[in-house]
Ligand SMILES: NC(=O)c1ccc[n+]([C@@H]2O[C@H](COP(=O)([O-])OP(=O)(O)OC[C@H]3O[C@@H](n4cnc5c(N)ncnc54)[C@H](O)[C@@H]3O)[C@@H](O)[C@H]2O)c1
């Protein structure tokens, strides 16, 4: 068990092979009672919805489920409205609990509904994708996309509890599973260099979802993210290091329309750009970028995405909401496990992007 010790809203993360069957009991132990409303997508719901509902009912919850079409396109205010309609029909109350069962889309959407329905009801995260377990379900950021950009509407709304059943990763589509390793490798690069040895040595076992090791690595990553967000609940300082690779990564996602390149793939390319920029400005040793590249390759993650319009990528970076006072700030590696935040001359950025994503 991992505890997020954020000042106002501490919560526990339970990471275990088979934890879904204890969802109801864990919620009861966390002090939750009454009605539980599961929000899932139409890929995960049919696979695991009944197990979640059975566990909730066995623990005394009055439980039901709402499903939406799987995919990022559903992370919208339209789906939020459909979920509100369903909750109103079901007469959900302030004391009710919304359980997000699914990947990052279900978590972000379910969390946003929980934050806003009746000005906020209890919220539980039951992440089912690797990306959601090691990243999206921890830290309390919830929200939906706007036609003009991703994650533009949202809130900080920490869950009361996070229940991660690592056995569910076995049914995750291969590309989504590999994508999650983008964030895992990032965590190693920015704050847990010894984990990189494990990721190198045991890649075959991890890619085969071996129960014990998979659970150990997921829990280790959940603890890493929990540590950072515990220190910096609202993204004012230390949490910024989590954006390593995201400066170019977000821009690549935007320019490719959020569909062709998955988030974990985009940030891998973004980390390659950051490492090369860091090398050129004398911050990042060449060996760091080389080892990082070998790791991405080992997990089937891309190093480049040629064919993009570099000006469009730079424009997208300037638009990104994480730009502080109109300057693009780069998170760079000084070494494994050591980051710095730097302004970088635009010609260096442009040259590197030409190599990594240019035509
Ligand atoms: N809130 C945050 O801090 C945060 C952080 C990172 C990413 N995100 C968000 O997370 C989203 C991406 O998350 P994602 O990659 O999990 O996407 P996703 O929720 O769309 O899941 C990917 C696909 O895998 C399927 N799936 C998930 N778990 C499965 C399982 N166990 N078995 C079979 N199929 C399964 C889903 O149905 C979906 O088709 C993005 O919207 C991103 O913005 C949020």
>> Quick check: Cα centre of the stretch 35-50 to Cα centre of the stretch 85-129, how many Å?
In response: 12
> Ranked highest first by average number of other Cβ atoms within 10 Å, how do 105-116, 293-304 line up?
Replying inline: 105-116, 293-304
> In percent, what relative contact order does the chain have, based on Cα pairs under 8 Å that are 6 or more apart in sequence?
Replying inline: 15
>> Given R₀ = 25 Å, what would the calculated FRET efficiency be for residue 21 paired with residue 42, taking r from the Cβ atoms and rounding to 0.05?
In response: 0.65
> Which distance in Å, rounded to a whole number, links the C-alpha centroids of the stretch 298-320 and the stretch 252-276?
Replying inline: 5
> When the chain is treated as a GNM, springs tying every alpha-carbon pair under 10 Å, which of 126, 203, 222 comes out with the largest mean-square fluctuation?
Replying inline: 203
> Under the classification rounded if a/c is under 1.5, otherwise prolate if a/b is larger than b/c and oblate if not, where does the stretch 2-171 fall, given a ≥ b ≥ c as square roots of the Cα gyration tensor eigenvalues?
Replying inline: rounded
> Between residue 54 and residue 343, 0.36 nm times their residue separation minus their Cα-Cα distance comes to what?
Replying inline: 98.8 nm
>> Under 10 Å, Cα contacts only: if you run a Gaussian network model on the chain, which one of 327, 141, 75 comes out with the highest mean-square fluctuation?
In response: 327
>> Given the -39500 (n - 2.57) contribution per DSSP H run of 4+ residues, what per-residue ellipticity at 222 nm results for the chain, rounded to the nearest 500 deg cm²/dmol?
In response: -14500 deg cm²/dmol
>> Sort 38-48, 56-66, 160-170 by packing, meaning the average of other beta carbons within 10 Å per residue, with the highest value first.
In response: 160-170, 38-48, 56-66
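Only the coordinates and a few stated rules stand behind these numbers; no lab work does. All values derive from a computational prediction rather than experimental measurement. Every residue, glycine among them, receives a Cβ derived from its backbone with ideal geometry; neighbour counts consider all protein chains shown.
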